Amino acid sequence: GTREVGGEFGLIYSPWTKDDQARARSDGLIEGEADGEDQEELAEEARVRTTILAAERQGFLDPRDEKEQGDAAGTTGMVDVQEGATRMQDVLEGKGIAGAEMPYLVAASLAPQGPAGRKHEQGVFAWSGFGPALLKNKYYAMRHGMSEANEQGIIVSDPVNGIPKWGLAPAGRDQVVKAGQAFLASLPPNQELDAVRVVHSDFKRTKETAELFASTIGVGQENVSPNIMLRERNFGELELGDHARYKEVWAEDETDATHHTFQAESPAEVRARLVALVEDLEGEHQDKVVVLVSHGDALQIAQTAFARIPVTAHRALQHLEPAELRELPLAPHPDRSLV
């Protein structure tokens, strides 16, 4: 029969045909002839093994990294950490593991934290971001308009401060209206506004931006929704301090995606939550225009996932100005040579 293995994450589609069986035999994956149940058993084993080989070729799996791969599966909550290494070793050795257990490969390639996440920051995890080759919706990044915090030059990244206060400055409101007018003018004539979704951080400045932007372009508030995954990167001990100190954290970002200097949220953690959000939106919508209203650092990091580049390179990308909108096209999936 035909079995989709890891298809949701863009790993591989694995049809089991007579040609596949012949190829598997020539590759030494199965031996001899068999009928009935024996043949089905061999077929199952070969399906798994060929999928593993494809995953290795595409950079989703490193056969030299069994222990770290297993730990990565554990960090996702898909399997107990103590069992992770053993189960991944079984998968690597092709011990008759059912196709349904291929999420272990996905866990190993996408886990944002833990030993494997750190190890692969310069490898698979750093490059992939999103598993699928295509997205079902079109995404835009929109930074909030000039805020009261921006005007005063202070860091407001903690929800305790950012949700109840520090909203848009008058200049920021003007910026958002102009951005909305420009966005509306850029849409194709046949674009239905009912297909536009505005998703925003629950901070005051992003909430105000999203609501004003939506009203400017004629999108109903029923299509505007908050999501905590779009919150600003938390800068820890730098909260309410001089915004010039962002640079001290960014300097660490360039060499360590998992650091917590000043108790700040790491770039890897920020990207993991933003990728998770987009994956949720992909599950909920199709053929929609989704505007993600968020913050400077969060969106800077989000761009690395769409561009499929290491999150450590986020400051090398063009920064979004207040109230700026930018389309987020998904880069082609990298081949093994990029890892």
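Of the listed residues D158, D280, D253, the order by accessible area with a 1.4 Å probe, largest first, is D280, D158, D253. Rolled with a 1.4 Å probe across the full set of protein chains, the surface gives H319 an accessible area near 60 Å². Across the protein chains, with a 1.4 Å probe defining accessible surface, the residues E239, E284, E232 rank E284, E239, E232 from largest area downward. Couplings for the stretch 300-311, taken from phi via the Karplus curve 6.51 cos²θ - 1.76 cosθ + 1.60 with θ = phi - 60°, read 4, 6, 4, 4, 5, 5, 5, 7, 6, 10, x, 5 Hz in order; Gly and Pro are left as x.
Placing L184, L317, L328 in order of accessible area, with the largest value first and a 1.4 Å probe, yields L184, L317, L328. Using a probe of 1.4 Å, the accessible surface attributed to K138 totals some 90 Å² when neighbouring protein chains are kept in position. For the stretch 125-242, with equal point scatterers placed on the C-alpha atoms only and solvent neglected, what are the log10 I(q)/I(0) values from the Debye formula at q = 0.09, 0.17, 0.18, 0.19 1/Å, to two decimals? Values returned for q = 0.09, 0.17, 0.18, 0.19 Å⁻¹ are -0.29, -0.92, -0.99, -1.05.
Close amide H contacts of L328 (hydrogens built in the peptide plane, cut-off under 5 Å, sequence separation of 5 or more or a different chain): Y139, Y140, A141. Applying the Kirkwood pairwise sum to the alpha-carbon positions of the stretch 135-178 produces a hydrodynamic radius of 11.9 angstrom. Using only alpha-carbon positions in the stretch 190-339, the gyration tensor eigenvalues give semi-axes of 27, 20, 12 Å once each is multiplied by 5 and square-rooted (largest first).
Per residue, the accessible area of the stretch 171-246 comes to 48 Å², computed with a 1.4 Å probe over protein heavy atoms only.
The values are calculated or read from the model by the stated rules, or taken from the named source; none is laboratory data. Here the structure is a predicted model, which means the values were calculated and not measured. The protein model used for the area step is the full one, side chains on, heavy atoms only, and it has no ligands, DNA or RNA in it. Shrake-Rupley method; radii C 1.70, N 1.55, O 1.52, S 1.80 Å.
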